[in-house]
Amino acid sequence: MKKMVLVNGVPASGKSSVARMLADARGWPILALDSIKEPFFDHLGVGDREFNRKLGRASYQAMFSIVRDAPEGMTFVADAWFGFQPREVLEGHLARAGVGATAEIWCHASPEVLVERYRERLHLRHAGHPGEAFLPELYALARRAEPVRRGPIFDVETTRPLDRERLLDWLDQALAG
C-alpha cells in the first residue's frame, strides 16, 4: 500500500517549508505542485489566469500519475493546495494512484499574514504564478479555506514555531495503520 502526506494550505501558508522538513526527516520524496507546473510554464509560456488553472489541474494529475507508477510501500509528501479542486477529484486521483492511507497537515495563518507573505515573495515566484492582482483573491480564499479532512489532520499555524518532533511522532502514528 502506498501512503501520502497531504501538506495542504492556500498559497503562502508555509506548505513548502513543512513538506521539506518532513522529506528531510523521513527520506520521503516530495511532489510539489509548483515544481511540476513551473517547467511547463517555461516551455509553453505563462498564459492568462485560466491557462494557469488548466496547467494546475494537469500538474495535479501528473503528481498522482508519478505516485501510481511508484513501487508499493512508498510514502510521498504532497505539497499542494488541495482545495482548488472538488474533493471527488482528489479521491479519484488517490484511488487511481493506489494510495491507501493519507494524513493531512493543514498549514494556515491569518489572511493578512498570507497576503503579506505572498506580496513579499512576488519577485521570487515564477512569472507563471498570479501576481499582485491575486492578493484580494488570496485574502478571500484564506478566509474560507479549510482542510480536505481526508484522514487524520495535524494543524500547523505557521506564524508560530513548528514543534517538529511532535509533528513527526504524530505522523508516524497516523500512518502506522
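Numbers at a glance
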item	result
Check on Val99, among the β-branched types (Val, Ile, Thr) and either at pLDDT 95 or above or exposed (fewer than 13 other Cβ atoms within 10 Å of the Cβ) (or both)	yes
Odd one out for Ser13 among (1) modelled with pLDDT of 95 or more; (2) polar (S, T, N, Q); (3) in a helix (DSSP H, G or I)	(3)
Members of segment 94-133 that are outside any helix (DSSP H, G or I) and touching a His at 6+ places or on another chain (Cβ under 9 Å)	Val99, Leu122
Residue match in segment 145-163 (condition: of a type outside the set (Ser, Thr, Tyr) and on the phi > 0 side of the Ramachandran plot)	yes
Qualifying residue in segment 154-176 (condition: under 24 Å from Phe51 (Cα atoms), of a type outside the set (A, V, I, L, M), surrounded by 18 or more Cβ atoms within 10 Å (Cβ to Cβ) and within 17 Å of the chain's Cα centre (by Cα))	no
Test: Arg68 is closer than 23 Å to Asp163 by Cα, surrounded by fewer than 20 Cβ atoms within 10 Å (Cβ to Cβ) and either touching a His at 6+ places or on another chain (Cβ under 6 Å) or not hydrophobic (A, V, I, L, M, F, W, C) (or both)	no
Residue identified as of a type outside the set (Phe, Trp, Tyr), in contact with a Phe, Trp or Tyr (Cβ under 6 Å, 6 or more places away or on another chain) and either assigned to a loop (DSSP other than H, G, I, E, B) or more than 12 Å from Val5 (Cα to Cα) (or both) among Pro161, Pro147, Pro136	Pro147
Search result, residues across segment 24-56 that are part of a helix (DSSP H, G or I), over 18 Å from Gly83 (Cβ atoms) and of a type outside the set (A, V, I, L, M, F, W, C)	Asp24, Arg26, Ser35, Glu38, Pro39, Asp42, His43, Glu50
Enumeration of residues in segment 75-86 that are of a type outside the set (A, V, I, L, M) and under 14 Å from the mean Cα position of the chain (by Cα)	Phe76, Asp79, Trp81, Phe82, Gly83, Phe84, Gln85
Selection status of Arg20, under 12 Å from the mean Cα position of the chain (by Cα) and surrounded by fewer than 18 Cβ atoms within 10 Å (Cβ to Cβ)	yes
Some residue of segment 123-145 being surrounded by fewer than 15 Cβ atoms within 10 Å (Cβ to Cβ) and touching a Gly at 6+ places or on another chain (Cβ under 8 Å)	no
Within segment 119-137, considering residues that are touching a helix residue (DSSP H, G or I) at 6+ places or on another chain (Cβ under 6 Å) and not small (Gly, Ala, Ser), the one modelled with the highest pLDDT	Leu135
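The values are calculated or read from the model by the stated rules, or taken from the named source; none is laboratory data. Fair warning: this is a prediction, and the values are worked out from it, not measured in the lab. We place every Cβ from the backbone using ideal geometry, glycine too, and count neighbours over all the protein chains shown.
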